[in-house]
Amino acid sequence: MAGAATTTAFGQVVIGPPGSGKTTYCLGMSEFLRALGRRVAVVNLDPANEGLPYECAVDVGELVGLSDVMDALRLGPNGGLLYCMEYLEANLDWLRAKLDPLRGHYFLFDCPGQVELCTHHGALRSIFSQMAQWDLRLTAVHLVDSHYCTDPAKFISVLCTSLATMLHVELPHVNVLSKMDLIEHYGKLAFNLDYYTEVLDLSYLLDHLASDPFFRHYRQLNEKLVQLIEDYSLVSFIPLNIQDKESIQQVLQAVDKANGYCFGVQEQRSLEAMMSAAMGADFHFSSTLGIQEKYLAPSDQSVEQEAMQL
């Protein structure tokens, strides 16, 4: 085991609000990685997860269960999850004993969805920090439901949450707009998709909010929030449809770049063969614009002229 501990391992910690698609992402990404030839180990760090759809290599439920904590300590689900993460933090020797035999695998950590765990509570950050000391090179993949793009107020809130998460977690970070295949069901976007993924001039969002009688009274507050986001200039998003291989590859490419993972020639060939078979032609990496053209109807791509000029 001592020899294995010196082997550098790579992986992703999948975080995000409840319902953002973390477990579905772990399932889809694990299948994609196995198709490339990577040995994958999915680790469930969410004690509230039941009926996992993927093959789980390590399950925190073996150490502590949310329902048991809630019954024993008379806590609600939020308090119970915080306690479970603090309990895991205090018993990291259990986690290391489970992970060490899996050296040589690519790790996917399915994390709890409580926002406070990634914005100001210290337990999850401490766990990530300790795993980094075990020579695990991790990238935080922060999932956000793409339907927030249809509401300017919600999108500003998402930007603030994403920024707070990036600053708190202290890992290489990739923000992802999930469920892009459903975005047309949420309503028409006010701007081009690139406006949301690249987080361009947010003053246009303020103009939209000013048209709402409720938010008009909070214009100065919204201006300060927007200024804070733009001053840091850290937040951007990658659109993801977990059912689409090209979309998954866009995310994986960003994650591998963030944590320094270098795959071999054989994996590159497997990727090209798989993508060519899926697309029926020679595969070439596409840009965010290509994904936008794929997911949005022509009417959705005809946005306000001022936003198109950004």
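When the stretch 187-220 is limited to residues that are open to solvent by 80 Å² or more (accessible area, probe 1.4 Å) and among the hydroxyl-bearing types (Ser, Thr, Tyr), the one that is nearest to Pro152 (Cα to Cα) turns out to be Ser211.
Looking for something free of Cβ contacts under 8 Å to residues at least 24 places away in the same chain, open to solvent by 60 Å² or more (accessible area, probe 1.4 Å) and in contact with a helix residue (DSSP H, G or I) (Cβ under 8 Å, 6 or more places away or on another chain) - is there at least one such residue anywhere in the stretch 228-246? Looking for residues that are free of Cβ contacts under 8 Å to residues at least 24 places away in the same chain, open to solvent by 60 Å² or more (accessible area, probe 1.4 Å) and in contact with a helix residue (DSSP H, G or I) (Cβ under 8 Å, 6 or more places away or on another chain), one finds none in the stretch 228-246, hence no. The lone criterion from (1) over 13 Å from the mean Cα position of the chain (by Cα); (2) closer than 19 Å to Met29 by Cα left unmet by Gly122 is number (2).
Could you pull out the residue among Glu170, Glu223 that is open to solvent by 60 Å² or more (accessible area, probe 1.4 Å), under 30 Å from Arg34 (Cα atoms) and acidic (Asp, Glu)?
Working: Glu223 fails: under 30 Å from Arg34 (Cα atoms).
Matching residue, one of Glu170, Glu223: Glu170.
Close Cβ contacts (under 8 Å, 6 or more residues apart or on different chains) running from residues in the stretch 60-76 that are at negative phi and of a type in the set (Val, Ile, Thr) to residues that are open to solvent by 70 Å² or more (accessible area, probe 1.4 Å) and modelled with pLDDT of 95 or more comprise Val64/Tyr87; Val69/Tyr83; Val69/Tyr87. Within the stretch 127-163, the residues that satisfy the criterion of being open to solvent by 40 Å² or more (accessible area, probe 1.4 Å) and free of Cβ contacts under 8 Å to residues at least 60 places away in the same chain are Ser129, Gln130, Ala132, Gln133, His147, Tyr148, Thr150, Asp151, Lys154, Ser157. Of the residues making up the stretch 232-271, those that are among the hydrophobic types (A, V, I, L, M, F, W, C), assigned to a helix (DSSP H, G or I) and modelled with pLDDT under 90 number 2. Out of everything in the stretch 177-187 that is touching a helix residue (DSSP H, G or I) at 6+ places or on another chain (Cβ under 6 Å) and of a type in the set (A, V, I, L, M, F, W, C), what residue ends up being modelled with the highest pLDDT? Selected residue: Leu177.
Please count how many residues of the stretch 200-235 are charged (D, E, K, R) and within 25 Å of His173 (Cβ to Cβ).
Initially, the stretch 200-235 is screened for residues charged (D, E, K, R), giving 201, 207, 212, 216, 219, 223-224, 230-231.
Then keep just the ones that are within 25 Å of His173 (Cβ to Cβ); that gives 201, 224, 230-231.
The total comes to 4.
Only one of the listed residues (Leu88, Leu52, Leu73) is open to solvent by 70 Å² or more (accessible area, probe 1.4 Å) and either hydroxyl-bearing (Ser, Thr, Tyr) or more than 25 Å from Gly260 (Cβ to Cβ) (or both). That residue is Leu73.
Is it true that Arg34 is under 22 Å from the mean Cα position of the chain (by Cα), free of Cβ contacts under 8 Å to residues at least 12 places away in the same chain and closer than 24 Å to Arg103 by Cα? So Arg34 fits the description; yes.
Residue-by-condition table, conditions (1) under 22 Å from Asp231 (Cβ atoms); (2) under 16 Å from the mean Cα position of the chain (by Cα); (3) part of a helix (DSSP H, G or I):
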| site | (1), (2), (3) |
| --- | --- |
| Ile156 | yes, no, yes |
| Cys160 | yes, yes, yes |
| Ala164 | yes, yes, yes |
| His168 | yes, yes, yes |
| Leu171 | yes, yes, no |
| Val176 | no, yes, no |
| Glu184 | no, no, yes |
| Tyr196 | yes, yes, yes |
| Leu206 | yes, no, yes |
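The values are calculated or read from the model by the stated rules, or taken from the named source; none is laboratory data. Predicted, not measured: the structure shown is a model, and the values here were computed from it. As a convention, Cβ positions derive from the backbone with ideal geometry for all residues, glycine included, and neighbour counts pool all protein chains shown. Heavy atoms of the whole protein, side chains included, go into the accessibility calculation; ligands, DNA and RNA do not. Shrake-Rupley method; radii C 1.70, N 1.55, O 1.52, S 1.80 Å.
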